[in-house]
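Asks: First the structure, then my questions, so here it is.
The values are calculated or read from the model by the stated rules, or taken from the named source; none is laboratory data. On a predicted model such as this, the values are computed, not experimentally measured, just so you know. Here Cβ is always computed from backbone atoms with ideal geometry, including for glycine, and neighbour counts include all displayed protein chains.
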Amino acid sequence: MRCQPQSNHQVYIWLKNNQTCLLCDERTDAALPICVACEAELPWLGDQCICCALPMPMDGLTCAACSRHPPAFSQVLAPWHYDFPIDALVTRFKHQAQWPMGRLLAELLGQLLQHRFDDALPRPDFLLPVPLASKRLRQRGYNQAAMLARWLGEQLELPVAEHWLQRTRETTAQQGLDAKARKRNLSGAFTVADGHGLQGRHVALVDDVLTTGSTADVIAQILIKAGARQVDVYCLARTPKPGD
């Protein structure tokens, strides 16, 4: 079983040196291991739903799903479409334990969030990673959402409440399920730990990819019921609507 790296692990140290771009292998003088050309070519998320960040034909719109059934979370902030090469980088981080890929993506997400904070986006009081099912955690050895939250917390100087949100039962994999089936699958799967400090707090959920938003919506409902004032979602990428 793999273990999550500690703060003094090599994955953290190499980010402080001049880098070779992880995408094209060219030398880069930037602090991060990605060159300017490759960063510009990433599938940046443009016009999107103001609530769930679903790609839209125009900016400032609300998608049909959020209009019909507004989710419990306030907004989703994600830099990219879940498309090449982001999908490959996330897969290598999430399923192949290539942590430098995740650290790079977290650093870029953190830059986007800091820019938004500077433009008056309210900062959350805490970051809450989406917990991983116990069986999957044992198999994988680490929770990618928790690692992202720690890196973001360090970069943005935000506290991470890693154990406030808990997974209470195993669920089947969400892949291949539609939105309704995902919500049924997640029913009763999460709870808030006793002794939490959620009352009146603004919190941000951290995950790797938002697909239908079902997981984030279910968790946001639980957090608001437990006293949270506002729940935002920070993730690396947003998938398009199926068929698009």
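Asks: With respect to Arg123, determine if the residue is out of contact with any strand residue (DSSP E or B) (no Cβ under 6 Å at 6 or more places or on another chain), surrounded by 19 or more Cβ atoms within 10 Å (Cβ to Cβ) and modelled with pLDDT of 95 or more.
Replies: Numbers: out of contact with any strand residue (DSSP E or B) (no Cβ under 6 Å at 6 or more places or on another chain): yes; surrounded by 19 or more Cβ atoms within 10 Å (Cβ to Cβ): no; modelled with pLDDT of 95 or more: yes.
When the stated conditions are applied, Arg123 does not pass them.
Asks: Which is crowded, with 21+ Cβ neighbours inside 10 Å and not in a loop (DSSP other than H, G, I, E, B), of Ala106, Ala53?
Replies: On the way: Ala53 fails: not in a loop (DSSP other than H, G, I, E, B).
Every option except Ala106 fails the conditions.
Asks: Just to be sure I understand the filter: pairs with C-beta atoms under 8 Å, separated by 6 or more residues or on different chains, first member in the stretch 18-46 and farther than 16 Å from Met101 by Cβ, second member charged (D, E, K, R). Which pairs pass?
Replies: If the second residue must be charged (D, E, K, R), the pairs left are Asn18/Arg27; Asn18/Asp29; Ala31/Lys16; Leu45/Arg238; Gly46/Asp59.
Asks: Of everything in the stretch 126-147, what is of a type in the set (S, T, N, Q) and buried (at least 18 other Cβ atoms within 10 Å of the Cβ)? Give them in sequence order.
Replies: The initial filter retains those residues of the stretch 126-147 that are of a type in the set (S, T, N, Q), namely 134, 139, 143-144.
The answer is Asn143, Gln144.
Asks: Test Pro43 against the stated conditions and say whether it is surrounded by 15 or more Cβ atoms within 10 Å (Cβ to Cβ), at pLDDT 90 or above and on the phi < 0 side of the Ramachandran plot. Break it down into steps so the answer makes sense when it comes.
Replies: On the way: surrounded by 15 or more Cβ atoms within 10 Å (Cβ to Cβ): yes; at pLDDT 90 or above: yes; on the phi < 0 side of the Ramachandran plot: yes.
For Pro43, the condition - surrounded by 15 or more Cβ atoms within 10 Å (Cβ to Cβ), at pLDDT 90 or above and on the phi < 0 side of the Ramachandran plot - is met.
Asks: Residues in the stretch 180-205 that are assigned to a loop (DSSP other than H, G, I, E, B), modelled with pLDDT of 90 or more and touching a strand residue (DSSP E or B) at 6+ places or on another chain (Cβ under 7 Å): how many?
Replies: 3
Asks: Within the stretch 140-151, is there a residue that is under 15 Å from the mean Cα position of the chain (by Cα) and of a type in the set (D, E, K, R)?
Replies: Yes, because at least one residue in the stretch 140-151 is under 15 Å from the mean Cα position of the chain (by Cα) and of a type in the set (D, E, K, R).
Asks: Determine, yes or no, whether Asp217 is touching a Cys at 6+ places or on another chain (Cβ under 6 Å) and surrounded by 16 or more Cβ atoms within 10 Å (Cβ to Cβ). Don't jump to the end; show me each part of the working.
Replies: On the way: touching a Cys at 6+ places or on another chain (Cβ under 6 Å): no; surrounded by 16 or more Cβ atoms within 10 Å (Cβ to Cβ): yes.
Against the criterion (touching a Cys at 6+ places or on another chain (Cβ under 6 Å) and surrounded by 16 or more Cβ atoms within 10 Å (Cβ to Cβ)), Asp217 does not qualify.
Asks: Among (1) under 14 Å from Ala78 (Cα atoms); (2) more than 11 Å from the chain's Cα centre (by Cα); (3) at pLDDT 95 or above, there is one condition Arg229 misses while meeting the rest; what is its number?
Replies: Failed condition: (1).
Asks: Hey, another quick one. Under 9 Å between Cβ atoms, at least 6 apart or on separate chains: pull out the pairs that start in the stretch 122-149 with a residue that is over 24 Å from Gln199 (Cα atoms) and end on any residue that is surrounded by 20 or more Cβ atoms within 10 Å (Cβ to Cβ) and among the acidic types (Asp, Glu).
Replies: Gln144/Asp207; Gln144/Asp208; Leu148/Asp207; Leu148/Asp208
Asks: Given the conditions (1) at pLDDT below 95; (2) crowded, with 20+ Cβ neighbours inside 10 Å; (3) touching a strand residue (DSSP E or B) at 6+ places or on another chain (Cβ under 8 Å), and given that Lys241 satisfies all but one, which numbered condition is not satisfied?
Replies: The number of the failed condition is (2).
Asks: Can you tell me which residues in the stretch 56-78 are outside any loop (DSSP other than H, G, I, E, B), surrounded by 13 or more Cβ atoms within 10 Å (Cβ to Cβ) and among the small types (Gly, Ala, Ser)? So that I can check it myself, show each step before the final result.
Replies: Initially, the stretch 56-78 is screened for residues outside any loop (DSSP other than H, G, I, E, B), giving 64-68, 75-77.
Narrowing the set further to residues that are surrounded by 13 or more Cβ atoms within 10 Å (Cβ to Cβ) leaves 65-66, 75-77.
Matches in the stretch 56-78: Ala65 only.
Asks: Right, here's the next one. Considering only residues that are outside any helix (DSSP H, G or I), touching a Phe, Trp or Tyr at 6+ places or on another chain (Cβ under 9 Å) and over 19 Å from His163 (Cβ atoms), which ones fall in the stretch 209-232?
Replies: Those that are outside any helix (DSSP H, G or I), touching a Phe, Trp or Tyr at 6+ places or on another chain (Cβ under 9 Å) and over 19 Å from His163 (Cβ atoms): Val209, Leu210, Thr211, Gly213, Gln230, Asp232.
Asks: Here is a follow-up. What number of residues in the stretch 126-162 are modelled with pLDDT of 95 or more and either part of a helix (DSSP H, G or I) or of a type in the set (A, V, I, L, M, F, W, C) (or both)?
Replies: Count: 20.
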